[in-house]
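Heads up: the structure comes next, in structure tokens.
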């Protein structure tokens, strides 16, 4: 579950941000908005806030469904798992905006998917441990964002990390 959560958040947030931005450019809406007194920075910040919020809501929905529908047991603090995945969602919308600057048309955006999604799928330790990846390619695992979110969610959801130690006793958050 932690790996799937990280990968789904990475996939959907990055792709939705990229596709929406490219469609805005293709339809002329982006130019129309830029003809108003809104600056480019304000426009990008508005999209970043919107897609960041969308990603955080997506994380909340995925965790809720996992716990309530699929009876996934979280032994650590659910809020810490939510925070780890929410940080991933926010960073992925930034990645989508960065990729938007590379893609001028929807066809180019579609060609970027394998370059962004496949390495994350194979290298992030979602389906097998990073230690099982050949040593020469292992450093690339630390370049994809889902690696960190999957590790953090695994640590919280399966290993019960997130406790406070006070006077020799552990108090779980």
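For this structure, a couple of remarks:
- Being at pLDDT 85 or above, out of contact with any helix residue (DSSP H, G or I) (no Cβ under 9 Å at 6 or more places or on another chain) and closer than 20 Å to residue 118 by Cβ is a description that does not apply to residue 146.
- Residue 133 being farther than 14 Å from residue 6 by Cα and either in contact with a strand residue (DSSP E or B) (Cβ under 9 Å, 6 or more places away or on another chain) or buried (at least 17 other Cβ atoms within 10 Å of the Cβ) (or both): yes
- Answer from 17, 64 - the residue that is closer than 24 Å to residue 148 by Cα, without any contact (Cβ under 8 Å) to a residue 40 or more places away in the chain and within 20 Å of the chain's Cα centre (by Cα): 64
- So residue 57, is it under 27 Å from residue 126 (Cβ atoms) and surrounded by 14 or more Cβ atoms within 10 Å (Cβ to Cβ): no
- For the range 136-154, residues that are in a loop (DSSP other than H, G, I, E, B) and exposed (fewer than 14 other Cβ atoms within 10 Å of the Cβ) total 4.
- Test: residue in the range 121-130 that is modelled with pLDDT under 85, surrounded by 14 or more Cβ atoms within 10 Å (Cβ to Cβ) and outside any helix (DSSP H, G or I): yes
The values are calculated or read from the model by the stated rules, or taken from the named source; none is laboratory data. All values reported here derive from a predicted model rather than from experimental measurement. A quick note on method: Cβ atoms are made from the backbone with ideal geometry, for glycine too, and the neighbour counts reach across all protein chains shown.
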